[in-house]
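Colleague: The following block contains the structure, expressed as structure tokens.
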Amino acid sequence: MPATFAVMGTAGASVNLDEDVHEELHKLAKRSSRPLSALANDALRDFIRYENQVAAAIDRGITDLEAGRARTTEEVFALLEQQRLARTRG
């Protein structure tokens, strides 16, 4: 059964966590002597930052494709092979 976790602070929210996630979060809070809400906030902040970075990378990729800045798989393999050969030559 999922556990409900209320996050309070500047803004309040209620989140349903899987029981195993709640248990591990609780253990970590106890082990680190940090409030459960602080750990959850840090984890969510990191997740949001990561997801935003992924979305930005995808957007840059789409922009590159639309601008014609793309290479085929064969072109990439040929470039990698050239770089490998250049490294082995010195």
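Each value in this text was obtained by applying a stated rule to the coordinates, not by laboratory testing. The model shown is predicted, which means the values in this text are computed figures rather than measured ones. Here Cβ is always computed from backbone atoms with ideal geometry, including for glycine, and neighbour counts include all displayed protein chains.
Colleague: Skipping prolines and chain starts, which residues have an amide H placed within reach, meaning under 5 Å, of the one on LEU17, given they are 5 or more residues away or on another chain?
Modeller: Excluding prolines and chain starts, which carry no amide H, the hits are ALA3, THR4, PHE5.
Colleague: So for the pair GLU66, SER37, with labels modelled 7 Å out along Cα→Cβ, what separation do we get in nm?
Modeller: The modelled label-to-label distance comes out at 4.2 nm.
Colleague: To continue, here is another question. So how strong a dipole does the chain carry about its Cα centre when Lys and Arg Cβ are +1 and Asp and Glu Cβ are -1, to the nearest 20 debye?
Modeller: It comes to approximately 560 debye.
Colleague: Suppose we take every Cα in the range 9-90 and form the convex hull; what volume per residue is that in Å³? Please list the in-between numbers first.
Modeller: On the way: hull volume 19.2 nm³, N = 82.
Per-residue hull volume (Cα only) is 234 Å³.
Colleague: In the Gaussian network model of the chain, springs joining C-alpha atoms below 10 Å, which of GLU74, GLU19, GLU51 carries the largest mean-square fluctuation?
Modeller: GLU74
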